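Scroll down for the structure; my scribbles are underneath it.
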């Protein structure tokens, strides 16, 4: 209850303070236009909070699959709320800077001699930061609107070439397509809009496709309409998958074990019907031209989550000198149990989504995302000694129904013997 009160006070403060800045910025405007602007401001507030409340009151029986209409409501409510609140927060931040500037000006004119020809009245007309805030908020809102309409379908390929001195010759040049975090329920059965992503996967002519978990948000039924599309993903030698934290159904069916079990069993079947071999704390031998590497598939293991993964069980029967690739949904598994404690050469993970928003300009060394507050490693390739982890930024989305500066990702990883890289 205390957290709820603090949250309400915080959000109310943002709204009131942003409106104060708005009134100051447009004080000289024609009264009719001021009324229009104020009406739009408070209408967005009512709509943002109203849809959230409506969703909470009507999101009953979450253990039952409610179909497309439920996710339509959820996506709209969460998306509009985030856009409305963050836009006002951005403007409010600039308004705070404006108030600070006004305060400094007031101190200067109150306690020091006013420069000749300068009126104290000018202090109240410093609107630079307010006007800058309006522009920044408008730019942010436009970016967010693009993210929820087109950005979530702007699939991109990220490529990495990774070399290993002990990679068997037969696997030199192996092409792996790595995908993760589809969250198919969030796409609201937008089959045609997502199909270009599947086509992009096939255009890469992968030897293997590895999927690192979170096929659904909560329920196996979310994946039902997508089986044929998933089955259409082609790989020369095979497709393998693991489970992510959302695939267990804990968030929606945690108190209904029978329903959760039924959903899980159906999801396992869907993986198989889609042509993926689901690895659950087990491993398989990948063979080519008389040589082999070992593919390990761990169930979800992550800090702060139910830890279904068992790395010891996953590695049963694996020789110490075998070249090993691990599929593990949560990247904290790598830092806690893999790197420095095993000789697993490459780990593939997902989970973070790159927060679905950020700025990445590698040519300038810029790589920023809010998710870095929670995860030290959150997107791309990371290496320590001769061990590597690649963290896919996600194919789908969750909660915020879009992507801003963090496009949905399909990863192409090419393996080479290190002397050839």
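Of note:
- Cβ-Cβ distance of residue 41 and residue 280, R₀ of 51 Å, FRET efficiency by 1/(1 + (r/R0)^6): the value works out to about 0.50.
- By average C-beta atoms within 10 angstrom, highest first, the peptides 215-221, 135-141, 175-181: 175-181, 215-221, 135-141
- Which of 5, 82 has the fewest Cβ neighbours within 10 Å, and the rest in rising order: 5, 82
- Extents of segment 255-343, largest first, come to 45, 32, 19 Å (Cα atoms, principal axes, whole angstrom).
- The long axis of helix 31-58 is offset from the longest Cα principal axis of the chain by roughly 40 degrees.
- Percent breakdown of C-alpha pair distances by 10 Å bin, ordered from the shortest bin, for segment 315-357: 27, 48, 19, 6, 0
- Helix 257-273 and the longest principal axis of the C-alpha atoms of the chain enclose an angle of approximately 70°.
- Protection-proxy order for peptides 95-107, 232-244, 317-329, each taking the mean of Cβ atoms within 10 Å per residue, highest first: 232-244, 317-329, 95-107
- On Cα atoms only, tilt of 191-203 relative to the major axis of the chain in degrees: 50
- Compactness of the chain as Cα Rg over 2.2 N^0.38 Å, two decimals: 1.18
- Here's the picture: a label point sits 7 Å out from the Cα of residue 107 along the beta-carbon direction, and within segment 19-49 nothing has its amide nitrogen under 20 Å of it.
- 222 nm mean residue ellipticity, helices alone, for the chain (DSSP H n ≥ 4; -39,500 (n - 2.57); rounded to 500): -13000 deg cm²/dmol
- Between residue 336 and residue 272, the C-beta separation translates, for a Förster distance of 51 Å, into a calculated FRET efficiency of about 0.95.
- Sorting 373, 359 from the fewest to the most surrounding beta carbons within 10 angstrom yields 373, 359.
- Average silhouette area of segment 1-58, convex hull of alpha-carbon atoms, in square nanometres: 4.5
- Part-to-part distance (alpha-carbon centres) for segment 152-189 and segment 17-32, which is given in Å: 50
- Note on the chain: antiparallel DSSP beta bridges, both residues inside, total approximately 40 percent of the bridges counted.
Here, each number is a calculation from the coordinates, and none is a lab measurement. Here the structure is a predicted model, which is why all the values come from computation and not from measurement. Methodologically, a virtual Cβ is constructed for each residue, glycine included, from the backbone with ideal geometry; neighbour enumeration extends over all protein chains shown.
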